[in-house]
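Visitor: Input: one structure, supplied below.
The values are calculated or read from the model by the stated rules, or taken from the named source; none is laboratory data. Predicted model only: the values in this text are computed from it and were never measured. For neighbour counting, all protein chains shown are included, and Cβ atoms are generated from backbone atoms with ideal geometry for every residue, glycine included.
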Amino acid sequence: MLGTDLTILLREKRALSSSHNEEIEVIDAPHEELDITLEDEVSDFISRHTPDIIINCAAFTNVDKCETEREIAFKVNALGPKYIAAAAKECGARVIHISTDFVFDGNSDSPYSEEDQTNPLSEYGRTKLEGERNIQNHCNAFLIVRTSWLFGRHGTNFVEKMLELAGHNKELSIVTDETGSPTYTADLAGALWTLIKQECEGIIHVANEGSCSRY
Ligand SMILES: NC(=O)c1ccc[n+]([C@@H]2O[C@H](COP(=O)([O-])OP(=O)(O)OC[C@H]3O[C@@H](n4cnc5c(N)ncnc54)[C@H](OP(=O)(O)O)[C@@H]3O)[C@@H](O)[C@H]2O)c1
């Protein structure tokens, strides 16, 4: 979902870039082309292309499946970022890594800040937090962007699922105790572009404005 919107945006920026200095080359790496859980392939791919910036949008994002398919969740969400970070360090690339509000326990009544204590309650959150730590420990220059409740035109999301279910069921039961900031992937792609241009580093929270419950 995010990777596709980001690729579209970067290609638009490339088309608009006029001077040679600003020229952007975009190399997308869909799952079929690169499996981030294979260390040698990650290293090969990155050393072949020697990118200036690597943006990791790949993840095992099915929160429920992460509980039952723990090994694959750990490989994709924790080990993949480690391999990317190590290969980035070798070629001097900056890494932009996408993470999640699931690294927190959700008990706060107000929005989380970057300084707040992490405390993941799910396997998805735990593996994503381990991925963050691997990025921090294994590469020189990084930005970790934590976002929340993504929706977009490409891929499955909560809104689409609700519309589909509403087509079959007369009544839907939706939780009322989960509140978050739904974030449009095209907006997040735009924010990533700004952060890249400003050469931001460290950890930053990025979401659309406003909040609502799932209900
Ligand atoms: N969705 C949300 O609500 C949400 C909220 C907060 C943060 N995030 C984070 O935002 C980022 C983007 O999320 P998204 O919703 O755009 O995810 P998505 O639509 O589920 O896309 C994830 C992509 O990762 C690919 N992938 C999975 N395993 C891989 C592997 N081993 N090697 C290479 N690629 C692999 C998937 O390919 P296949 O489809 O072929 O498996 C898919 O293309 C992720 O880091 C996610 O944790 C998401």
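Visitor: Go through F45, F60 for me and flag whichever is hydrophobic (A, V, I, L, M, F, W, C) and free of Cβ contacts under 8 Å to residues at least 60 places away in the same chain.
Guide: F45
Visitor: Taking the stretch 105-144 only, how many residues are closer than 24 Å to S211 by Cβ and surrounded by fewer than 20 Cβ atoms within 10 Å (Cβ to Cβ)?
Guide: Total meeting the criteria: 18.
Visitor: Run down L16, L10 and say which single residue is over 25 Å from L129 (Cβ atoms), exposed (fewer than 13 other Cβ atoms within 10 Å of the Cβ), aliphatic (A, V, I, L, M) and more than 10 Å from the ligand (Cβ to nearest atom).
Guide: When all the criteria are applied, what remains is L16.
Visitor: Looking only at the stretch 109-166, count how many residues are acidic (D, E) and at pLDDT 95 or above. I'd like the intermediate steps shown before the answer.
Guide: Just the residues of the stretch 109-166 that are acidic (D, E), to begin with: 109, 114-116, 123, 130, 132, 160, 164.
Going one step further and asking which of them are at pLDDT 95 or above, we end up with 114-116, 123, 130, 132.
Qualifying residue count, the stretch 109-166: 6.
Visitor: Which of the following residues is within 11 Å of the ligand (Cβ to nearest atom) and of a type outside the set (K, R): L188, L163?
Guide: Going through L188, L163 in turn, just one is within 11 Å of the ligand (Cβ to nearest atom) and of a type outside the set (K, R): L188.
Visitor: Going through the stretch 56-93 one residue at a time, which ones are charged (D, E, K, R) and more than 8 Å from the ligand (Cβ to nearest atom)?
Guide: D64, K65, E67, E69, R70, E71, K82, K89, E90
Visitor: For the stretch 144-160, how many residues are near the ligand (Cβ under 7 Å from one of its atoms) and assigned to a helix (DSSP H, G or I)?
Guide: The number of residues fulfilling the criteria is 0.
Visitor: All but one of (1) on the phi < 0 side of the Ramachandran plot; (2) in a loop (DSSP other than H, G, I, E, B) hold for E199, so report the exception by its number.
Guide: (1)
Table: residues versus (1) at pLDDT below 95; (2) of a type outside the set (A, V, I, L, M); (3) at positive phi.
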| residue | (1), (2), (3) |
| --- | --- |
| E12 | yes, yes, no |
| S17 | yes, yes, no |
| N21 | yes, yes, no |
| T37 | no, yes, no |
| K65 | no, yes, no |
| K82 | no, yes, no |
| A86 | no, no, no |
| I96 | no, no, no |
| V103 | no, no, no |
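Visitor: Also, I was wondering about something else. May I ask you to say which residue of I96, I53 is out of contact with any Gly (no Cβ under 9 Å at 6 or more places or on another chain), closer than 18 Å to G190 by Cβ, more than 13 Å from the ligand (Cβ to nearest atom) and in contact (Cβ under 8 Å) with a residue 60 or more places away in the chain?
Guide: Selected residue: I53, the only one of I96, I53 that is out of contact with any Gly (no Cβ under 9 Å at 6 or more places or on another chain), closer than 18 Å to G190 by Cβ, more than 13 Å from the ligand (Cβ to nearest atom) and in contact (Cβ under 8 Å) with a residue 60 or more places away in the chain.
Visitor: Name the single residue, out of those in the stretch 181-206 being over 21 Å from I135 (Cα atoms) and touching a residue at least 40 places away in the same chain (Cβ under 8 Å), that is nearest to the chain's Cα centre (by Cα).
Guide: Residue satisfying both the conditions and the ranking: T185.
Visitor: May I pose another question? Restricting the first residue to the stretch 133-162 and requiring it to be under 24 Å from I84 (Cα atoms), which pairs with a second residue that is basic (K, R) meet a Cβ separation below 6 Å and a spacing of at least six or different chains?
Guide: Correct list of pairs: N134/K82; H138/K82; C139/K89; N140/K89; A141/R94.
Visitor: Still on this structure, please answer the following. I want to confirm something. Restricting to the stretch 91-128 and keeping residues that are of a type in the set (K, R) and assigned to a helix (DSSP H, G or I), which single residue is nearest to the chain's Cα centre (by Cα)?
Guide: That would be K128.
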